[in-house]
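The values are calculated or read from the model by the stated rules, or taken from the named source; none is laboratory data. Because the structure is a prediction, the values reported are computed rather than measured. So basically every Cβ, Gly included, is an ideal-geometry build from the backbone, and we count neighbours across all protein chains shown. Note: areas computed on protein heavy atoms with side chains; ligands, DNA, RNA excluded. Shrake-Rupley method; radii C 1.70, N 1.55, O 1.52, S 1.80 Å.
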Amino acid sequence: MSRTADLSVATRRSSDLSKHSAEVFAEAEDHPVTVTRRDGEALVLMSKREAEGRSRLLDFAAQLITVTLDDQGTLADRMAKVFPWMLALSPADRASCAQDLVDAARASFSTDQPHLAIAELTSWKETATAVAAGLGRADLEWLDEDETVERP
């Protein structure tokens, strides 16, 4: 489905907002809705979750721009300056993290889906937090036999 097709579905007149507010609000929970007005500029109605997602994506974009303006070191080194939690990762994981974050940001911006970059950022940060807490260093004990466990 093209971007223009999405806009026609997500556009409502201001009279719809007053006459069918529950329907318009329900639609705005799924995606932003443009409310056109005869007496002024169109407004956009969206959920707080959507607005916060867009805000977080813009914050992330600002941090990535800061990284690109620095010309000292590798991408992973520059990103670790902006995201110090990356220092808990191994050098190889730092490089993977840096590239994954850039790729996710590109995907988010090209598809207008903020959750793609935010989920990747959160995932890597949680991984770094777990590594810093010592998870992953303990030897694992694998069970050779399948054991049936009763439902709790």
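With every protein chain in place and a 1.4 angstrom probe, the accessible-area ranking of VAL131, VAL35, largest first, reads VAL131, VAL35. Averaged over its residues, the chain has an accessible area of 73 Å² per residue, based on protein heavy atoms and a 1.4 Å probe. For the chain, the share of accessible area belonging to carbon and sulfur comes to 54 percent (1.4 Å probe, ligands and nucleic acids excluded). Applying the criteria of a DSSP loop state and at most 13 other Cβ atoms within 10 Å to the trypsin sites (Lys or Arg not before Pro) of the stretch 17-53 yields ARG37, ARG38.
Among LEU116, LEU87, LEU69, the residue with the largest mean-square fluctuation in a Gaussian network model of the chain, with springs joining Cα atoms closer than 10 Å, is LEU69. The residues ASP139, ASP112, sorted by heavy-atom accessible surface at 1.4 Å with ligands and nucleic acids left out, run ASP139, ASP112 from largest to smallest.
Which longest run of the chain has no exposed loop site in it, a site being GluC sites (Glu not before Pro) in a DSSP loop with at most 13 other beta carbons within 10 Å, and the site itself not part of the run?
No qualifying site falls inside 42-140, the longest such stretch.
Within the listed set ALA98, ALA130, ALA42, the residue fluctuating most in the Gaussian network model of the chain (springs between alpha-carbon atoms under 10 angstrom) is ALA42. About its Cα centre, the dipole of the chain is roughly 1100 debye, where the only charges are +1 on Lys and Arg Cβ and -1 on Asp and Glu Cβ. Taking the chain as a Gaussian network of alpha-carbon nodes connected by springs under 10 Å, the highest mean-square fluctuation of the residues GLN113, GLN72, GLN99 belongs to GLN72.
When the helices of the chain are scored as -39500 (n - 2.57) per DSSP H run of n ≥ 4 and the total is divided over every residue, the value at 222 nm lands at -19500 deg cm²/dmol. Per-residue SASA remark: ILE65, around 100 Å² accessible (1.4 Å probe; ligands, DNA and RNA not included). The mean sequence separation of alpha-carbon pairs under 8 Å and at least six residues apart, normalised by the residue count of the chain, gives a relative contact order of 14 percent.
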